[in-house]
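What follows is a single structure, written as structure tokens, with notes after it.
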Amino acid sequence: YTILFLGLALARSVGLSQPRDMKGKVFIFPQESATAYVSLIPRVHKPLQNFTLCLKAFTDLSRSYSLFSYNTRTQENALLLFVKKVGVYELYIGNSWVTFNAPPSPYSPVHVCTSWESASGIAELWVNGKLLGRKGVRKGYTVGLDAKIILGQEQDSFGGKFDIAQSLVGEIWDVTLWDHVLPLKDMCDSCYSGNILNWQDLTYEENGYVVTKPKVWA
């Protein structure tokens, strides 16, 4: 018991967080900020030559903001899902990007899924179950493993240099990341089986004014 107690105390003292089941919960970013964000710690540390990313979000912003920011020490915007304006999504791979256009639907929650494979460079983006297209970006690239994964802010350096004008004001939930491309039938409304990030087994650290609450949307 003494060893267990000391181990838990050490984990707290060095700021290590334990995985939590976040099903039914959301991260709320209540106001514009350059300091509020959530850092996600992947379950597996590995380079990515394929991935599928799904998440749900709500905001009433009309300006640009980041939904998912993944930087490595050597590559800015290694994997970035960014909203340029209402209905305009940008997917960055290795600091190159493709743009997808969706019918604007402000003031309602969105379910966004995107996938990419290195071999072909083909990226897909789905919003609320509808495919917005398939486009090519960064064929042959590998997304590095030494990463900072940030919700709520867009990284202009490794783990920092945030711009308040690109911060998310709103809510985000059901963030899931796989190391392979999922077919459409598996891009379900509520997936928790991600082997890189799993919302039901999520290790994370909150920074600044971030609030966790029960979700109010599906």
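Observations
- Subset of the range 134-163 (residues that are at positive phi and either crowded, with 22+ Cβ neighbours inside 10 Å or acidic (Asp, Glu) (or both)): GLY152
- Scanning the range 78-89 for any residue that is at pLDDT 95 or above and of a type in the set (Val, Ile, Thr) turns up at least one such residue.
- Top-ranked residue of the range 18-33 - restricted to ones that are at pLDDT 95 or above and touching a helix residue (DSSP H, G or I) at 6+ places or on another chain (Cβ under 8 Å), ranked as least open to solvent (accessible area, probe 1.4 Å): SER33
- Test for SER115: is it assigned to a strand (DSSP E or B), at pLDDT 95 or above, within 20 Å of LEU151 (Cβ to Cβ) and among the polar types (S, T, N, Q): yes
- Single unsatisfied condition, SER96 versus (1) at pLDDT 95 or above; (2) touching a strand residue (DSSP E or B) at 6+ places or on another chain (Cβ under 9 Å); (3) within 28 Å of LYS130 (Cα to Cα): (2)
Residues checked against (1) modelled with pLDDT of 95 or more; (2) in a loop (DSSP other than H, G, I, E, B); (3) over 18 Å from ASN71 (Cβ atoms):
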| residue | (1), (2), (3) |
| --- | --- |
| LYS139 | yes, yes, yes |
| ILE150 | yes, no, no |
| TYR192 | no, yes, yes |
| TRP199 | yes, yes, yes |
| GLU206 | yes, no, yes |
| THR212 | yes, no, yes |
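- Residues of the range 44-83 that turn out to be of a type outside the set (Lys, Arg), assigned to a strand (DSSP E or B), open to solvent by less than 40 Å² (accessible area, probe 1.4 Å) and within 29 Å of PRO106 (Cβ to Cβ), as a count: 19
- Tally, over the range 161-179, of residues that are assigned to a loop (DSSP other than H, G, I, E, B), closer than 21 Å to VAL143 by Cβ and modelled with pLDDT of 95 or more: 1
- LYS84 vs. criteria among the basic types (Lys, Arg), farther than 28 Å from VAL137 by Cβ and in contact with a Ser or Thr (Cβ under 9 Å, 6 or more places away or on another chain): no
The values are calculated or read from the model by the stated rules, or taken from the named source; none is laboratory data. Because the structure is predicted, anything quoted here is derived from the model rather than measured. We place every Cβ from the backbone using ideal geometry, glycine too, and count neighbours over all the protein chains shown. Just so you know, the surface numbers come from the protein's heavy atoms only, side chains and all, with ligands and any DNA or RNA stripped out. Shrake-Rupley method; radii C 1.70, N 1.55, O 1.52, S 1.80 Å.
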